[in-house]
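Input: a single structure, listed below in structure tokens.
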Amino acid sequence: MTQEESRKLPSELGVVKIAEEVVSIIAGLAATEIEGVSSMSGGIGGGIAEVLGRRNLSKGVKVEVDTEEAKIDIFIVVDYGARIPDVAWDIQESVKKAIEDMTGLRVAHVNVHVQGVHFPKDEEEPEEEIEVEEVVEETEN
């Protein structure tokens, strides 16, 4: 593991290393907890992991970790009807707080990339039978 792949935290007892994958998982989980996020938008690697039966917790997250700060890019699909600026703001706040609280890294920025909109499938409505009453008016001749 190289310096670019992890963050080293010196302490009295030694060094603690935080891998970029860990920061990525924290960011992904924080983002998916936000209301209005349908899913994370990952590349082909995420799709392969899902086919193999493994859940890729860092899907849709790109992380750059320096010695003291992290830069995060989140790629999401939002639910139809969600207010995108509000969802993006909530993601930024949630991801920043989660990473700073759990790792001690300073988050330089969280960029949110909306890759699509998820439309709910219409539930098939059962066809209602409409009864038409035939009204016969009798006329006097």
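Results, tabulated for the structure shown:
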item	result
Projected label distance in nm at I84 and V16, using a 7 Å step from Cα toward the beta-carbon	3.9
Extended-chain gain in nm, criterion 0.36 nm per residue less alpha-carbon gap, R106 and V77	7.8 nm
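The numbers here are math on the coordinates, done by the rules we state, and not lab data. What you see is a predicted model, and the numbers here were worked out from it, not measured in a lab. No Cβ is skipped: glycine too gets one built from the backbone with ideal geometry, and neighbour counts run over all protein chains shown.
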